[in-house]
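Participant: This structure is in structure tokens; I'll ask about it shortly.
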Amino acid sequence: MTKTLSFKLATITLLTVLLLIPLLMISGLIAERQALRDSVIQDIAASSSFAQRLSGPLLVVPYRKYERRWIEKDGQRLQETSTVTGQLYFLPDTFDAAIEADTELRARSIYQARLFHARSRVAGRFKLPERWGIEKDFDDYRFDTPYLVVGISDIRGIENAPQLNLGDRHLPFEPGTGLDWLGGGVHARLPMLAAGKAGEFSYGFDLALQGTGQLHVVPVGRSSSVDIRANWPHPSFIGNYLPSRREIDGQGFKAHWQTSFFATNLEDAVRQCVSQVQCAGFDERAFGVSFVDPVDQYLKSERAIKYALLFIALTFAGFFLFEVLKGFSVHPVQYALVGVALAFFYLLLLSLSEHLGFDLAYGVSASACVLLIGFYLSHVLGSLWRGVGFAAGLAVLYALLYGLLGAEDYALLMGSLLCFGLLGLFMVLTRRLDWARVGREA
């Protein structure tokens, strides 16, 4: 039965649009499985510890200030005294942290979360001003015992009993910071600090932390130096400050950060936390590392399905080109069956990647689809070699798609060149074709 060219093109276009339905369903399934994976990771973190943020140390000096004012009462001028309580905050002059981290996988069902165990050595020096920096009415102040606080975002991850070292003194840390804006952490009382005397003292402590996914450090020192070393070869450096030096190889990474008060302006951030109870500025000054898994099968599956419509269009274009060049008719049902087989590739890729990993799942899924379509087309087109030729072309397309998925920075360039090259091939093959004759009924 003969058909006009316009009717054939309309039929192919309609089939292409209809195939968007299963592709959209598979895309929704990818998002659903990814959300389920993320929820499982959160459940694992909730039962162990979440991402960790190390903020501190800070020196806190509680005070009571007696304020006097004169009032008129019953015709007499009397002096009234009120008490104002508050806290003074001092950031360290130097802050040096050396962190070594090891990662491990925790699994629940088919999903995994990456945890880390960080062993930290934190040291530095405080310089204290005369009279705690109070310029007037110093005699109206009464000071309570100063204490050193270290903010830890999830205290469940503390794996040791940290002690504060002040010279030859060893003071135990106690739970809590006593500061709402800083959150959880530990503190150590410093009764030996004389109120109002200028001076300096060195500090140091060892801290072992467990966390999930990310490790952040707030550079609280006037001069801060942080070194992080880990056995994870795929780090993602995060925060407002990138490392000044870094080394990454197959065994892990080393990174070094160096900041100053001029870059962080952390004193203003602390004042905003105290006065406005808004610590976004303080938290934003953190930096660190994310122990990300570069082989995210859901992200790659999502990127792959974006090319599904292009795959179907190119395959149908190959069929159509074969029809007009060889005078062979391909039924719309055969178009539809091949299109459904192409759509099933993405479902196979998603389901297999959860068990085999993305690379192996891609190879198995692509091979299965190429073999199935090649076998089917060898009978549809009446020739084994024609079926093999179409299967080989499809295999090349899958190989190019795999290259696009791996080349994140050059995906657009490679995709543009691929489409332009295929368009050029189509135009070269049909350069002598009389489309007016093809469009007439035989």
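The values are calculated or read from the model by the stated rules, or taken from the named source; none is laboratory data. Treat the numbers as computed from the prediction; the structure is a model and nothing was measured. Here Cβ is always computed from backbone atoms with ideal geometry, including for glycine, and neighbour counts include all displayed protein chains. Side chains are part of the model used for accessible areas, which takes the heavy atoms of the whole protein and leaves out ligands, DNA and RNA. Shrake-Rupley method; radii C 1.70, N 1.55, O 1.52, S 1.80 Å.
Participant: Where in the chain are the DSSP H helices whose alpha-carbon span along the long axis reaches 18 Å or more and whose Kyte-Doolittle mean is at least -1.0?
Facilitator: Working: long enough: 5-18 (20 Å, 1.82); 20-47 (41 Å, 0.85); 308-326 (27 Å, 2.03); 332-356 (36 Å, 1.50); 358-380 (32 Å, 1.45); 384-406 (33 Å, 1.52); 411-429 (27 Å, 2.44).
Helix filter hits for the chain: 5-18, 20-47, 308-326, 332-356, 358-380, 384-406, 411-429.
Participant: Something else about it: What's the ranking of 15-22, 52-59, 335-342 by average number of surrounding C-beta atoms within 10 Å, highest first?
Facilitator: Output ranking for 15-22, 52-59, 335-342: 52-59, 335-342, 15-22.
Participant: If each residue of separation counts as 0.36 nm, what is the full-extension length gain between ASP139 and ASN160 once their alpha-carbon separation is subtracted?
Facilitator: Numbers: separation 21, 0.36 × 21 = 7.56 nm, distance 4.16 nm.
Stretched fully, the ASP139-ASN160 segment lengthens by 3.4 nm.
Participant: Give me the one-decimal nm value for the distance between modelled label points at ARG121 and LYS65, 7 Å along each residue's Cα-to-Cβ direction.
Facilitator: 4.1
Participant: Starting from the Cα-Cα distance between SER351 and LEU29, subtract it from 0.36 nm times their residue separation and give me the gain in nm to one decimal. Mind dumping the intermediate values first?
Facilitator: Working: separation 322, 0.36 × 322 = 115.92 nm, distance 1.01 nm.
Residue separation times 0.36 nm, minus the Cα-Cα distance, leaves 114.9 nm.
Participant: Rounded to the nearest 20 Debye, what is the dipole magnitude of the chain about its Cα centre when Lys and Arg each give +1 and Asp and Glu each give -1 at the C-beta?
Facilitator: Numbers: 41 positive and 42 negative charges, 273 e Å.
The dipole of the chain has a size of about 1320 debye.
Participant: Here's another thing I want to ask about it. Let me check something: with ligands and nucleic acids excluded, how do CYS419, CYS369 order by accessible area (1.4 Å probe), largest to smallest?
Facilitator: Details: CYS419 60, CYS369 10 Å².
Most to least solvent-accessible, the answer reads CYS419, CYS369.
Participant: As an exercise, use a Förster radius of 25 Å and the Cβ-Cβ distance of VAL396 and VAL292 to find the FRET efficiency, rounded to the nearest 0.05. Numbers along the way, then the final one.
Facilitator: Values: r = 32 Å, r/R0 = 1.26.
FRET efficiency, VAL396 to VAL292: 0.20.
Participant: Also, I was wondering about something else. Report the trypsin sites (Lys or Arg not before Pro) located in region 91-138 that are in a DSSP loop and have at most 15 other Cβ atoms inside 10 Å of their Cβ, or state none. Could you put the intermediate results ahead of the total?
Facilitator: Working: sites: ARG106, ARG108, ARG114, ARG119, ARG121, ARG125, LYS127, ARG131, LYS136; in loops: LYS136.
Sites meeting the loop and neighbour criteria: LYS136.
Participant: Once you have the Cα-Cα distance between THR85 and VAL388, take 0.36 nm times their residue separation minus that, and quote the gain in nm to one decimal. Walk me through the numbers on the way to the answer.
Facilitator: On the way: separation 303, 0.36 × 303 = 109.08 nm, distance 8.46 nm.
Additional length available on full extension: 100.6 nm.
Participant: Which of the aspartates and glutamates could a cross-linker span from LYS8 if the Cα-Cα distance has to be under 19 Å and same-chain partners fewer than 8 positions apart are dropped?
Facilitator: LYS8 reaches GLU323, ASP434, GLU441.
Participant: Also, quick follow-up: By average Cβ neighbour count within 10 Å, what is the ranking of 306-312, 268-274 from highest down?
Facilitator: 306-312, 268-274
Participant: Using alpha-carbon pairs under 8 Å, 6+ residues apart, how would you state the relative contact order of the chain in percent? It would help to have the intermediate numbers written out before the result.
Facilitator: On the way: 743 pairs, mean separation 71.6, N = 442.
Result for the chain is 16 percent.
Participant: Also, I was wondering about something else. Can you find, among SER290, PHE319, ALA280, the residue farthest towards the positive end of the dipole of region 245-359? Put +1 on the C-beta of Lys and Arg, -1 on that of Asp and Glu.
Facilitator: Among SER290, PHE319, ALA280, the one farthest towards the positive end of the dipole of region 245-359 is PHE319.
Participant: With loop defined by DSSP as not H, G, I, E or B, and exposure as at most 12 other Cβ atoms within 10 Å, which is the longest segment of the chain clear of exposed GluC sites (Glu not before Pro)? Before the final figure, lay out each step's value.
Facilitator: Working: sites that count: GLU135, GLU408, GLU441.
Counting at most 12 other Cβ atoms within 10 Å as exposed, the longest clean stretch of the chain is 136-407.
Participant: Here's another thing I want to ask about it. Taking a Cβ-Cβ separation under 4.7 Å as the criterion for a possible partner, which cysteines of the chain have none?
Facilitator: CYS369, CYS419 - these cysteines have no disulfide-compatible partner (Cβ-Cβ under 4.7 Å) in the chain.
Participant: Only loop residues by DSSP count here, and only those with at most 15 other Cβ atoms within 10 Å; note down the trypsin sites (Lys or Arg not before Pro) in region 194-263 that meet that.
Facilitator: On the way: sites: LYS197, ARG222, ARG229, ARG245, ARG246, LYS254; in loops: LYS197, ARG222.
Of the trypsin sites (Lys or Arg not before Pro), the ones in loops of region 194-263 whose Cβ has at most 15 other Cβ atoms within 10 Å are LYS197.
Participant: Now for a separate question. Consider the candidate values [x] 22.5; [y] 33.0; [z] 23.7; state which one is mean projected area of the Cα convex hull in nm² computed from the structure displayed.
Facilitator: Step by step, mean projected area of the Cα convex hull in nm² for this structure corresponds to label [y].
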